[in-house]
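Below: the structure, in structure tokens.
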Amino acid sequence: MKFQFGIIFYSILEIITLLSGVYFFKLAPIFSVIFFIAFITIATLLYKEYTDSKRKPEVMNEKEIPKEINLKKPLTYSITTIFSYLIFIIVSVFFLILYIDKTPKQEIFIMIMPIAVILLFIILIIMKIRKASDVIISINAVGIQLYKKPRMSWDIIENQRLRRRYVSHRESRFNERGEINYLQFFCKGEKFEVIISELEISPDLLEHYLNIYKNLYQKNNSMDN
């Protein structure tokens with residue numbers, strides 16, 4: 001029901017944003033671009049929601065598992081973030097075009113703010129594109145690597161587990177709670193936590209991988225000894 005509700009919700013938003021974009025296209029073409037960007041963003045989320053609802057859990061054994069898995073944020077996450085940045089750029093451009101001829105020369109400094117916003121979000125988009133392919137978690141039979149830090153061996157990793165937190169929205173009269181899944185483990189007494197809710201893997205499958213790779217490490221060490 002969760003995925004079905006999401007598909008229906010995004011489908012309704014798709015229709016609203018498309019109709020709004022067509023309506024404002026006649027009045028203010030540049031302003032209507034915001035709705036068309038929102039339309040593409042929602043279409044991306046709708047596609048992800050649909051594919052997630054059709055995806056079946058992929059469970060592998062020790063013989064089928066790859067030598068290493070590299071977990072990244074899904075491409076849809078980067079696309080939706082970039083499109084949201086584009087909306088701010090379009091609004092700033094619209095503001096510039098609307099007031100550039102009406103603003104007195106002595107008040108030209110007012111134009112600095114939208115220009116600064118445009119430059120800021122262009123930089124954020126470039127940074128987001130560069131980080132889109134970054135590996136968040138890398139796991140193999142040797143150990144766990146977080147981001148670009150040195151890999152931590154299984155023999156010094158302790159109490160690895162998947163945990164869940166609930167975030168309550170105090171402003172909501174429906175007492176809604178958001179769910180956040182994260183990986184937690186200890187290495188040489190230091191606690192590490194990584195949010196996995198935005199990664200391209202389900203918590204159950206990640207836990208399955210962790211157990212298999214740790215067992216492989218223990219087997220390899222026992223054979224060497």
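The table below lists the values:
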quantity: Test: residue in the range 152-169 that is at pLDDT below 85, exposed (fewer than 13 other Cβ atoms within 10 Å of the Cβ) and in a loop (DSSP other than H, G, I, E, B); calculated: yes
quantity: Verdict on Glu198 being out of contact with any Phe, Trp or Tyr (no Cβ under 9 Å at 6 or more places or on another chain) and in the same structural domain as Met152 (by the TED database); calculated: no
quantity: Verdict on Val142 being of a type outside the set (D, E, K, R), closer than 24 Å to Ile42 by Cα and more than 20 Å from the chain's Cα centre (by Cα); calculated: no
quantity: Lone unmet requirement of (1) part of a helix (DSSP H, G or I); (2) at pLDDT 75 or above; (3) exposed (fewer than 12 other Cβ atoms within 10 Å of the Cβ) for Gln106; calculated: (2)
quantity: Residue that is surrounded by the most Cβ atoms within 10 Å (Cβ to Cβ), among those in the range 124-151 that are in contact with a Phe, Trp or Tyr (Cβ under 6 Å, 6 or more places away or on another chain) and among the aliphatic types (A, V, I, L, M); calculated: Ile139
quantity: Filter pass, Thr76 being assigned to a helix (DSSP H, G or I), at pLDDT below 80 and under 15 Å from the mean Cα position of the chain (by Cα); calculated: yes
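The values are calculated or read from the model by the stated rules, or taken from the named source; none is laboratory data. Quick caveat: nothing in here was measured; it's all calculated off a predicted structure. Using ideal geometry, Cβ is built from the backbone for each residue, glycine included, and neighbour counts are taken over all protein chains shown.
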